[in-house]
Each structure stands twice: as structure tokens, then as C-alpha cells.
Amino acid sequence: MMSLLLRDLKLSVRAGGGALIGVLFFMTVVAVIPFGVGPDLNLLSRIGPAIVWIGALLAALLGLDRLFQTERDDGSLDLILMQEHPLVLTVLVKCLAHWLANSLPLVIASPLLGLFMNMSEVAIGAVAVTLLVGTPALTFIGAVGAAVAVSLPRGGLLVSILVLPLAIPVLIFGVSASYAAVQDPAPFMPPFLILLAITMFFAVIGPLGASLALRNASD
Amino acid sequence: MMSLLLRDLKLSVRAGGGALIGVLFFMTVVAVIPFGVGPDLNLLSRIGPAIVWIGALLAALLGLDRLFQTERDDGSLDLILMQEHPLVLTVLVKCLAHWLANSLPLVIASPLLGLFMNMSEVAIGAVAVTLLVGTPALTFIGAVGAAVAVSLPRGGLLVSILVLPLAIPVLIFGVSASYAAVQDPAPFMPPFLILLAITMFFAVIGPLGASLALRNASD
Amino acid sequence: MGHDFYIAVSYGVSGLIIALMLGWIWLDGRARQRELAELEASGIRRRSSAPVKDGAA
Amino acid sequence: MRLTAEKLAARRGEDLLFSDISFELGAGEGLILIGRNGSGKSTLLRVVAGLLRPEFGQVRWSSSSTDDAIRASEACHYLGHRNAMKAELSVQENLAFWKEFCGDFGGGEGVSVAEAAEQVGLGGIAHLPFGYLSAGQQRRMAFAKLLVSYRPVWILDEPTAALDTRAEATFADLIRQHLARGGILLAATHQPLGIEGMQELRMTGFAGVAEEFAA
Amino acid sequence: MRLTAEKLAARRGEDLLFSDISFELGAGEGLILIGRNGSGKSTLLRVVAGLLRPEFGQVRWSSSSTDDAIRASEACHYLGHRNAMKAELSVQENLAFWKEFCGDFGGGEGVSVAEAAEQVGLGGIAHLPFGYLSAGQQRRMAFAKLLVSYRPVWILDEPTAALDTRAEATFADLIRQHLARGGILLAATHQPLGIEGMQELRMTGFAGVAEEFAA
Amino acid sequence: MTESLAITKFSDLANPTRFLNLSGRILPWLGCLTAGLFAVGLYLSFTTEGDYQQGETVRIMYVHVPAAWLSMMCYTVMALSAIGTLVWRHPLADVSHKAAAPLGAAFTLIALATGSLWGKPMWGTWWVWDARLTSVFVLFLMYLGLIALNRAMDDPSKAARVSAVLILVGFVNIPVIKFSVEWWNTLHQPASVVRLDGPTIDPEFLIPLLVMAFAFTFLFFTLHLMAMRNEIWRRRITAQRRMAARMASRES
Ligand code: HEM
Ligand SMILES: Nc1ncnc2c1ncn2[C@@H]1O[C@H](COP(=O)(O)OP(=O)(O)OP(=O)(O)O)[C@@H](O)[C@H]1O
Ligand SMILES: Nc1ncnc2c1ncn2[C@@H]1O[C@H](COP(=O)(O)OP(=O)(O)OP(=O)(O)O)[C@@H](O)[C@H]1O
Ligand SMILES: [Mg+2]
Ligand SMILES: [Mg+2]
């Protein structure tokens, strides 16, 4: 399993430049919004957490749709399916590798973007923490889409459509926890714990669904 | 050439349901936004143009990076390179097909989304027009990246550094032209003309660069 | 606009959608049955039309 | 140690491709599938490898050392038309990954990566990225996968495609050694592998159509 | 009508793979490349097809009807290790696309798609998606590409990989017909194609190393 | 060929065949029942009193609420069929969830449209992005996504299995729709009919609402049966065409 993790990390560094394109896209999204809302720093800092979260969500989509397709194309998927390791575990490890290579950089970059958006320290911290907790859920949800994409000749947009609706709850609680951290009356913990619960939930459901789809899609 | 256009269109329709997909994708992206920033109609209509443009960028990025890679992987690229058609023209047609299949539906769907985002009629029109003019530039820039990705199997990083930074000016002028159309003091024409110029520029540079990279792909 | 307008449009839209759905399914069924009859006429038969004999052979 | 297939039938699209195929292979035995293009050889191999669900019937693995509950596919190596190697990684990295990921089965032991590359005749070039190899070299390295981790059953789909005659002989030797050590072989080929004492199974394709119209 | 290669040399990575290879093929002539895996056959074919730039030397095409300025690659069909067909499109669509995209060269004429599928022995299944075909059927359909649009020169890289014996005979027939009609053949194979009167060129790989150590 | 093969073939096709016969007999009755219920329901919904608070627009409720319920029920039916596909690998289950997806999309569209038309006079806007409305919108998108997925794959049994997985994963949205009004305070009405402590709605509205709900439910089953029959026929036709092509190619 360790070897799979290492291989996938190596591949994404070697081949995709995945992390960088995600971060760049993320920055682009965040850089464009101020045009819309204008130079109103107050407003910017108000919608900051939401924008950062939306950027992260969209950036997570890039590349995720091909998580299993490359394995299918060169025949590796066949061998992976045949091993005695439970398939769920294998999927989990692949998700982990993808998260480390693509989402973790986003989490790390988010404080910087928070500064751009004129967010307070507390808000920046809250966004980073919620991203850290919430983005794995996005990866797990995406894995289901990617597994479905294996049976499609080309994934792309269709996968994103299938995946995005499921990601909405993650977004909602991630954003509301970030806001709760700044706005006084609302407590931070309840939405944050729900976010955590969602991540745990999808950490089970996602790999299960993905492995179910993979088993059924092979031909 | 016509046959290439038709084939590429067919391929993108076959795999994902075609034009409907672009619209659906866009709707999903836009549906996600209010969950982030909240149901504040005023704010929504202000960030509307930026969101629609970001959606277009994302749609252009999804799948575009593999424009030539799929051709390379199944060997079609070899045959395409051998023909007497000028390669620049072939690349141009492929870009056109990608734009027709992926970006045009977004342009057509954008007024509907404008309505969802509570944008004014003028803003809706301005966004649609700027998208129509600006998205081809995104496609052409992406094509260069896709060609580089083919010729340098390990050029992932280069691709991301190449594509997004070049796409940012397009995004910026597109968004600012849209805003200029609504906000009074700023005139619509200057950024719009710049956008047009950028598109023309990349319509020449993009296919040229891409075909140069493809010819030098060394195996 | 009065309330009647909204009521009328709601019922109209719903009726229209239901009618379209019904019509589409109906026509689809008719077309499929016609195709099936054509195939039947051209002599292609379902394999299971004689399952037991088939199996004994 | 015994691989048993019972009354297998498989579908492709909507039609039955074959039905009622049964065989039983013990230690040191091999079965070669022959038949025309599209007659269902690869399909049968994928069914046995557990990659396609049979419409009917089952594949079982039984041995004295392991309990019977394991899936048959876990005892198998599958070498398909595609090589299952990443072009971006070096041969060494690819093989090391598969060695570790697959592990060894039931007490057997695979050879080291360097040793396996040596055995397929490409000892010196394991440091190259896999994508830099020629078609035949790639195929050889894909074969080396079978050596680095031990599995009693080898399922090979046209293993000798793209190989030169010398490599074919090497492969035949390696397969013979595997059988001599009590392995089981299931292979589809168009060219004879040159191994003696194998059973043969002729596939005809499209049960129900083939019987009537087979040329 | 004449395909001339002059003192070709090509590099892979940093080393010269071969050097000083010259040949000249006129109408009805053929050259078969043989040699071990990794000896540079595919590389030479790709150089001739214009897909790899030679380190030295050049490939020229001359004929009475067309002017000399055209690239040699425009007169060639190239069938590589990969089939250049889209798995998502039907065989019919794939072939029709290549027929139209490639066009015919210098007054020749390709056969229709249905006719080509018939000639490679798969007349009935052109409506299936290409991805649904078996390995050998895919290879046959890739060969049908050569028939639908006319090119005087055929460059074939292991055309008979994955084929059954009947299809091999069919291919040999088609190649013979092509030569009889004044075509030119350049092919790399491990198995003999069974066509008479071909020149042979033995590749040794890594010029300067191979000569000394060739077995 | 052997006995065993004959049995698989037989059980494979016999089930859909029996289904075709059975559904052919039931359908006319179901159709009549639906029409009757609609007649009564529409009569009641236009003759009962208006609400003092909502005025005449309360009549929109009689289509809006049943359509909204049906949009969720349809997804539930699909989820059950999806379990049938994955666990029992029953071909009828494949057909069932494939045929239901367009129906679900249509009912969801009705709920969305009538909801908007009700929202304009009641809330003063066509659309707000609150949790209930958006989750219904997401349901609509999921229906469309499933339809697109089914269209994008041409091996029907594989398409069925893959979309079954997606349907099951997407089922999380149904509780979100149902309870969104309680989890987030929104403009939308909380449940007043289907709740643990019994309906709190005036019987004046309850009766036509229930009649209409039954009418919609029977409409759904009628259409679903019809669409399933069509789908079975479609599969038979393609199978027979492919057989014909294969036989032709073998003969030559
Ligand atoms: C496009 C906008 C709307 C959508 C998508 C929508 C959706 C739904 C859904 C899914 C239900 C079923 C809830 C359940 O069973 O618990 C429902 C019920 C209901 N809706 Fe809406 N709705 C919309 C607009 C409205 C408006 C504007 C009103 C009236 C002011 C309204 C009034 C009701 C009522 C009274 C119920 C019944 C609740 C109950 O008794 O259980 N809806 N709606
Ligand atoms: N893209 C590449 N980059 C670097 N070296 C390469 C590349 N492709 C091939 N080579 C090397 O060039 C040599 C010749 O390869 P080539 O594919 O021409 O061999 P071949 O004669 O066709 O062999 P085969 O019979 O296996 O197809 C091989 O040793 C290979 O390692
Ligand atoms: N994914 C698929 N979907 C539908 N039909 C398929 C699929 N793959 C293969 N087939 C069909 O199943 C039949 C058997 O294919 P298979 O690959 O098993 O043949 P094969 O005996 O291995 O042939 P070859 O010698 O060419 O490799 C072929 O007629 C093919 O058209
Ligand atoms: Mg095969
Ligand atoms: Mg070669």
C-alpha cells in the first residue's frame, strides 16, 4: 500500500505538474473575484472565505476525473483489481495520494490568498483548518466520479456534473464554519464537527462506491 | 478538414452527451456558488460576471489539456502529422472543434445563468458577448499547452506555467469589459477591443506555437 | 398580474410537461413495436422462442 | 493446488460468446487457447482472472496450504494485451512497485528486480524510463513482472507478440521453469509457444451462431 | 516513382542507433527490416515516415507525375504499433474519417469503406464501436486504413502482430496486390511475411556497439 | 448446448416476457384509475375555498406538492432498483431505473416551475438560493446527469451497473431535500402533511391534496410501466439486429 502511495505521488510530480496547475487555478479564481466586487475591502473580506472555498472546490475537480482512467488505459487497473488487498483500501490510498499531491498544496496556499482577500487572521486560520478537514471529502466524492468515468471513454465534464452536486454539503458546512469563526453569535464548532462528520462519512462511502463502480465497470 | 471537425465533434458528443453537458456543467458550477456566498441577490449579481467567466475557464481547462494527448496515445497523431494539410490548419480545426463542443454551449447558456444570478439585462448581454469573443483565446492558449504536453512527456509543470498565466489576461479583460458595461464611469469598448485583439493574437500564435511543438515532439 | 394568472400558468405548465412526457413515451412505444414487427416479418426470431428444443440440441 | 473452471459462459455486449467451458489444471499443467481473431480467447482469460464476471459458472482455486475461501484471481498473474507499466517511471521503479504491491502468494518467492530484468535478457537497461523502450523490450519487461512476485498461475494473453525469435525462446524457457516448479499456465496464442505436453482448447466464438456457421 | 533514403542516421537518447543506411525502392519493390528487439527497426521506419528527424541524411520521394518538392511522408501510409483508431467511434466512422482526411495521393484511388472491411475479412461488423473489437480484429481494421485511401508507399511496423494465421495470409495477399499495382513496401517484422522477392535489411542496433557484440 | 445454458437463457428472457404480459394487462386499468383520480382531484382543487392568507394561489399547492413528493419518490424507486441491479443483477431492475430517470426529471421540473410560479406572488421573487430550492435543483441536475450518463454508454448492462452506483451514492440528497427546511431556516414552508405527529393542515386543503397526490402517484406508475416496456423492446430490437449482423458476417 505504501508502495502505491509512493508511486502515485511520484507520478503526479513526474507527469502532471498537478499540484501547480491546481494552485495556479485557485489563485486565478481568487484573483478575478475582486474585479467583480470592486475595491471594497470590507466586502472582499466578507466574502473571502466563500471564494477561497469555491476556488478549492473547483481546483479539486481538475485532474481528479482521470484518477483511474490512466490506470485503465495502460492495463494497471486489471492487476490492481486482482490483488488480495481489499479494493476499498486501494482506492483509499489512491485518494490519499491524490489529496496529498493536489489538495494539500491548496490548503497550504490558502493563507496567502486569505491575505489577498484582506481576511482577518482568525478567518484565515479558520479557512485553512476547514479546508484541511473538508477537502478530503471532495477527493473521496471525486473518486466515485472517477470510477464511473472508467467505463466512459472520456470523462471530463460529465464526471464533474455527477460529482459537484454531492460536493455541495461539504461546501456549505466548510463555508459556514469559516464564517462562524469570525461572526460572533454563531459558534464555530457545530458546523465544523458536521464537516468532519461529512468527511468521515464520505471516507467510507466514497471508496466503497468507487470500488463498487470499478468492479462493475471492468471489461 | 471538415471531416476532422466532424470527427472531433462526434467524439466529444459521444463521450459525454454533447452540448447538454456544457450547459449542465455550467449550471452545476453556478448552483454551487450561492451555497458559498449565501443567498444575497445583490452580491450574487455583482460577482455574477466573474463567476460565469471562471466557469468558462474551468470548462476550457477540463479536457483541453488532453487535446493532442489522446491522439498521440492511439497513434492518430502520427498520421495527422504525415498529411499534406498544413499542420497549423489542422491545429486550428481541432481548436475550433473543441471550442464548438465545449465553450460555445457555455456562451449560449450564459444568459440563463445570468438570470439565475440575478444579473441585469445589460450585464447578461455583455457577459455573453465577451465570452463569445474571449473563450476562443482560452482554447488557443490551451492548445499550445496541450501540444507542449505531448512533446515533453514530463513537461507537466511547464504546461501549467504556460497556460494559466497566459489565460489570466483574457480573463481579466473579459471580466472588466463585462463590468464596464454595467458600471457607469468605465467605458465598455477599450477592454472589449483589447480582448478582441488578444483573441486575434492568440488565434495566430496559438496554432503556430502548437504546430511547432508538435513537429518537434521527438518520438 | 393577478393570482389567477399564476394559477393558470402553473396548471398549464404542469399539464404541458405531463402531456409531453406521455406523448413521447407513447410514440416511443409505437415506434418500438413497429420495429419489432418489422424484424419479426424479416424472419429474425428471438432465440428464446424455442428454448427447450434449443437446449436439447 | 488446482485451478478449476466450471461451466463458464460469458457475454460480450448482449450475446453469449461461449458457454459451458470447463477445465481443471493441476500443478505443472498448462492449457493453451487457440482460435481465430475474435473467438473469445481474451474474454475467457479475463473471466478466469476475475476481471469479467461470467454469465454463468465459476472459477475456483483450491490448495492444501491456503484455505479455500480466497478468490481464484489472487493466485493468478495476468499479462494482457496492455503492459501495465507507467511510461513515466523507470523500468526499475515499475518492477519494484509491482513486486511490492503484489507481494508473494502462498509461500512462493519472486526474484529480485535486477535478476528478473536479467532473466528476460535486458539486464543493463532497467534504469531507462519504460516509455523509452522498443515494443519488444516493453513486452519483455512486462513479462519480468511475472518473475518478481510469485503466483502459481500465469494467465498470458499473446505473450510473444512483438518479440524476436530469441526472446520467444527465452520466454518458453521461463514458462517451462515455472511449470517445472509446479506452476500452472493458461495462455492464448496464435504462434505455437513451443512447449510440450500442453492441453489445447479451440475457441469458436459466439455460441449459438458459431456452431452453425463456423467455417 | 522512387523512394530514396540517403545515409540515414538517427539518435535515440544520446546514442546513435544506426548510421549510414541508404536504400532505394522503385515501383513494386519492397524492403523488410529484421533484427532483434530494440535494434532500431521502428526508429528507421519513423524516420522514413518523417515522424522522427534523422540525425544525418534524408529521405526523398521522386516521381514523374508530381513535382519533387513534396515531403516524402505525404506519399506514405504508416501503420505503427498503435492502431490510430478511436475506440469510441464505430469502425465505419473511423475508416470514413481517415479516407476523407488522408485523401488519395497522386491519382490513385482507395476503395470504399465497406469494401476495405470486406477485404480484411470483417465485412459484417463495421458498425461496431472500434473498442469492442478483439485485438486481432482491431489490427485488421487498422490495416483496412491502408486500403481506403491510396498511397504508393506502405510503411508497416509489425503488421501481423496479434493476427491469426488466416488473417496473416489475407494480409500477405493484400500486400502482394499492392506491390503488383506498383506500390512500395517497407516493413519491419519478426515473423516472415511470406512474400517473395523482397530485399532484407538486418538492423543491429546502436551503431558502434552492436557491431562488436552482435551475437 | 446444454441444459444449463438453456435455463439461463430462459430465465433471462422469461422474466421480462412475463413482465411484458403482466404489465400489458394491468396498464389499461391503471390508466383509467389515473384519469379518474385526476378528474376528481382537479374538480376538488378548483371548487374548494381559497386560503385567507395565501388567497387563490393555494390552488398551486395541489400540483406543486404532489409533484415535489413524486420527484423524491421517483428517486427512491430508482435507488431500490439500483440495489436490485447491484445485488441481484436483475435485468428488470436495470430497465426500471433507466426508464425512471426522465420521469423523475419531469416531475422535478414541474415542482420547480410551479414552485417558482407560487414564489413570485408569495415571496415576491421567482427564485432564491435557499437550501430547499437548491437541493431540489441539485436533484434535477442529478437526474439530467444520470440521463446523460446512460446516453453516453452504449453497453446497457454496464451503464445500468455504473449508474446504479451513482444513484445510490446520490441518495444522500433525498434526506437533505426532505429535512432542509428544518436544518436551515428558510422561506419555504416546513412539512405539514408528512410528519411524525400527524398532519397539521386544514382538511379543507388536505382532501384535494391527497387525491391529487394519489393521481400523481398512479400517473407515475403508469408512465413508468410504459417506459419500461419501451426499454425492454428497445433492447430486444438491438439484440436482434446485432444477431442478424453477426449471422450475416458468419455466412459470408
Ligand atoms: C421553486 C421553488 C420551490 C421548490 C423547488 C419547492 C419544493 C418543494 C418540495 C421538494 C416539497 C416537498 C417537501 C416535503 O415533502 O417535505 C415542497 C412542499 C411544499 N411546498 Fe414547495 N417548493 C418551492 C416553492 C414553494 C412556494 C413558493 C411555496 C408557497 C409559498 C411552497 C409551498 C409548499 C408547501 C405548502 C409544501 C407542502 C409542505 C408539507 O405540507 O409537507 N413551495 N416544496
Ligand atoms: N522515445 C525514446 N527515447 C529514447 N530511446 C528510445 C525511445 N524509443 C526507443 N528508444 C530506444 O531505441 C532503441 C530502438 O528502438 P526501436 O523501437 O526502434 O526498436 P525496434 O527495432 O523497433 O524493436 P522491436 O522489435 O522491439 O519493436 C531501443 O533500444 C530503445 O531503447
Ligand atoms: N468491450 C467489448 N464490448 C463488446 N464486445 C466486445 C468487447 N470486447 C470484445 N468484444 C467482442 O467479443 C469477441 C471476442 O473478443 P476477444 O477479445 O475475446 O477475442 P480474441 O479471441 O482474444 O481475439 P484476438 O485473437 O483477436 O485477440 C469479439 O468478437 C469482440 O468483437
Ligand atoms: Mg485477444
Ligand atoms: Mg518496433
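The values are calculated or read from the model by the stated rules, or taken from the named source; none is laboratory data. Everything quoted here is computed from the prediction, not taken from an experiment. Please note: Cβ atoms are built from the backbone with ideal geometry, for glycine as well, and neighbour counts cover all protein chains shown. Note: areas computed on protein heavy atoms with side chains; ligands, DNA, RNA excluded. Shrake-Rupley method; radii C 1.70, N 1.55, O 1.52, S 1.80 Å.
Taking a probe of 1.4 Å, how large is the accessible area per residue of region A:2-218, in Å²? Kindly include the intermediate steps, with their values, before the conclusion.
Values: 6770 Å² over 217 residues.
Roughly 31 Å² per residue, with all protein chains present.
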For the cross-link pairs E:Lys145/F:Lys98; B:Lys94/D:Lys41; D:Lys41/F:Lys158; F:Lys98/F:Lys178; D:Lys86/E:Lys41; A:Lys94/F:Lys158, which exceed 29 Å when the distance is taken from alpha carbon to alpha carbon? E:Lys145/F:Lys98; B:Lys94/D:Lys41
Residue by residue through region E:186-198, what is 3J(HN,Hα) from phi via Karplus (6.51 cos²θ - 1.76 cosθ + 1.60, θ = phi - 60°)? Round to whole Hz and write x for glycine and proline. 9, 9, 10, 8, 9, 8, x, 7, x, 10, 8, x, 8
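Roughly what % of DSSP beta bridges within region E:2-213 run antiparallel, to the nearest 5? Mind dumping the intermediate values first?
Details: 15 of 32 bridges.
Just about 45 percent of them are antiparallel.
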Answer with one residue from A:Val144, A:Val175, A:Ser103: the one whose Cα lies farthest towards the positive end of the charge dipole of region A:22-179, charges on Cβ with Lys, Arg +1 and Asp, Glu -1. A:Val175
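Pull out the extension gain between E:Thr189 and E:Glu100, defined as 0.36 nm times the separation in residues minus the alpha carbon to alpha carbon distance; nm, one decimal.
Details: separation 89, 0.36 × 89 = 32.04 nm, distance 2.92 nm.
Stretched out fully, the E:Thr189 to E:Glu100 stretch lengthens by 29.1 nm.
Given R₀ = 35 Å, FRET efficiency for A:Ala186-F:Arg89 by Cβ-Cβ distance, to 0.05?
On the way: r = 48 Å, r/R0 = 1.39.
The formula returns an efficiency of 0.10 here.
For F:Ala191 and F:Trp123, calculate 0.36 nm times their separation in residues minus their Cα-Cα distance, and state this gained length in nm to one decimal. Don't skip to the answer; put the middle values down first.
On the way: separation 68, 0.36 × 68 = 24.48 nm, distance 1.78 nm.
Fully extending the segment from F:Ala191 to F:Trp123 adds 22.7 nm.
At the nearest 100 Å², what buried accessible area, both sides summed, do you get for A and F when the probe is 1.4 Å? Don't skip to the end; give the middle numbers.
Numbers: alone 10930 and 14610 Å², together 23800 Å².
Summing both sides, the interface buries roughly 1700 Å².
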Long-range amide H partners of E:His77 with built H, under 5 Å: E:Val153, E:Trp154, E:Ile155
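How crowded by other chains is F:230-243, given as the mean number of beta carbons from other chains within 10 Å of each beta carbon? Numbers along the way, then the final one.
Numbers: counts 10, 3, 1, 7, 6, 2, 6, 8, 3, 5, 10, 4, 6, 10.
Mean partner-chain Cβ count within 10 Å for F:230-243: 6.
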Taking the Cα centre of region A:1-124 as the origin and placing charges on Cβ (Lys, Arg +1; Asp, Glu -1), which of A:Gly75, A:Val88, A:Trp53 is farthest toward the positive end of the dipole? A:Trp53
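Just to make sure I understand: if all protein chains stay in place, what is the order of B:Met2, D:Met203 by accessible area at 1.4 Å, largest first? It would help to have the intermediate numbers written out before the result.
On the way: B:Met2 120, D:Met203 10 Å².
Correct descending sequence by accessible area is B:Met2, D:Met203.
Expressed as a whole percentage, what fraction of the accessible surface of region B:120-219 belongs to carbon and sulfur atoms when a 1.4 Å probe is rolled over the protein heavy atoms?
Within region B:120-219, the accessible surface is 79 percent carbon and sulfur.
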Let me make sure I get this right: for region F:23-108, a, b and c are the square roots of the gyration tensor eigenvalues over alpha carbons, sorted descending. Under 1.5 in a/c it's rounded, otherwise prolate if a/b > b/c, else oblate. Which is it? oblate
Using per-residue counts of other Cβ atoms within 10 Å, averaged over each peptide, order B:95-101, F:154-160 from highest down. B:95-101, F:154-160
The correct pairing of chain D residue and whole-Å distance, for the Cβ nearest the axis that maps D onto E, is D:Ala161, 2
Relative to the other copies, what are the label-point distances for E:Ala180, with labels 7 Å from Cα along the C-beta vector, expressed in nm at one decimal and sorted shortest first? 4.9
Could you identify which residue out of E:Arg181, E:Arg151, E:Arg166 has the top mean-square fluctuation in a GNM of chain E using Cα springs shorter than 10 Å? E:Arg166
Cα-projected label distance for D:Ala69 with C:Ala31, points at 7 Å along beta-carbon direction, nm: 5.2
Residues of region D:58-163: accessible area per residue at 1.4 Å, in Å²? 35
Take the solvent-accessible surface of the protein heavy atoms, probe 1.4 Å, and return the percent of it on region E:48-121 that carbon and sulfur atoms account for. 46
Can you list, bin by bin at 20 Å, the percent of alpha carbon pairs in the protein assembly as shown, starting at 0? 11, 38, 37, 14, 1, 0
Give the accessible surface of region C:3-49 per residue, rounded to a whole number of Å², with probe radius 1.4 Å and ligands, DNA and RNA excluded. 61
Put a point 7 Å out from Cα along the line to Cβ at A:Asp40; what are the distances to that point in the other copies, in nm, shortest first? 0.7
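Would you tell me the mean number of C-beta atoms belonging to other protein chains that fall within 10 Å of each C-beta in B:113-122, as a whole number? List each step's numbers first, then the result.
Working: counts 0, 0, 2, 4, 1, 5, 0, 0, 0, 0.
Across the residues of B:113-122, the mean count of other-chain Cβ atoms within 10 Å is 1.
How big is the charge dipole of region D:2-213 about its Cα centre, in debye rounded to the nearest 20, if each Lys and Arg gets +1 on its Cβ and each Asp and Glu gets -1 on its Cβ? Walk me through the intermediate numbers first.
Working: 21 positive and 26 negative charges, 55 e Å.
So the dipole magnitude of region D:2-213 works out to roughly 260 debye.
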Between A:Met2 and D:Thr4, the two model label points (7 Å from Cα along the beta-carbon direction) sit apart by a distance in nm of 4.0
Given D:Ser90, D:Ser39, D:Leu16, which one lies farthest toward the positive end of the charge dipole of chain D, if we put +1 on the Cβ of every Lys and Arg and -1 on the Cβ of every Asp and Glu? D:Ser90
Give, as a single signed number, the net charge of other residues whose beta carbon lies under 13 Å from the beta carbon of A:Leu43, with Lys and Arg counted +1 and Asp and Glu -1. 0
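Summarise the partner chain shielding of D:34-41 as one whole number: the mean count of Cβ atoms from other chains within 10 Å of each residue's Cβ. Write down the numbers at each step before the final one.
Working: counts 2, 1, 9, 15, 11, 3, 1, 4.
Partner-chain Cβ atoms within 10 Å, mean over residues of D:34-41: 6.
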Using label points projected 7 Å from each Cα along Cα→Cβ, tell me how many nm separate D:Val111 and F:Ala244, to one decimal. 5.7
Amide H contacts of E:Asn37 (H built 1.01 Å from N, under 5 Å, at least 5 apart or other chain): D:Asp164
Delta accessible area of at least 40 Å² on complex formation, residues of region D:159-193, 1.4 Å probe, chain isolated as reference: D:Ala162, D:Asp164, D:Arg166, D:His190, D:Gln191
Quick one: label points 7 angstrom along Cα→Cβ at D:His127, distances to the other copies in nm, smallest first? 5.7
First select every other residue whose beta carbon is under 11 angstrom from the beta carbon of F:Leu86; then total the charges, Lys and Arg +1, Asp and Glu -1. +2
Estimated FRET transfer efficiency when R0 is 30 angstrom, pair E:Asp15-B:Arg215 (beta carbons, to 0.05): 0.85
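What accessible area, summed over both chains, is buried at the F-C interface (1.4 Å probe, Å², nearest 100)? Spell out each step's value before the answer.
Working: alone 14610 and 5540 Å², together 16620 Å².
Adding both sides of the contact gives about 3500 Å².
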So how strong a dipole does chain A carry about its Cα centre when Lys and Arg Cβ are +1 and Asp and Glu Cβ are -1, to the nearest 20 debye? 120
Which whole DSSP H helices in chain A pass both tests: a Cα extent of 18 Å or more along the axis and a mean Kyte-Doolittle value no lower than 0.5? A:18-37, A:41-61, A:104-116, A:121-150, A:157-182, A:189-217
Let me know the charge dipole size of the protein assembly as shown about its Cα centre in debye, to the nearest 20, where only the beta-carbon of Lys, Arg (+1) and Asp, Glu (-1) is charged. 1200
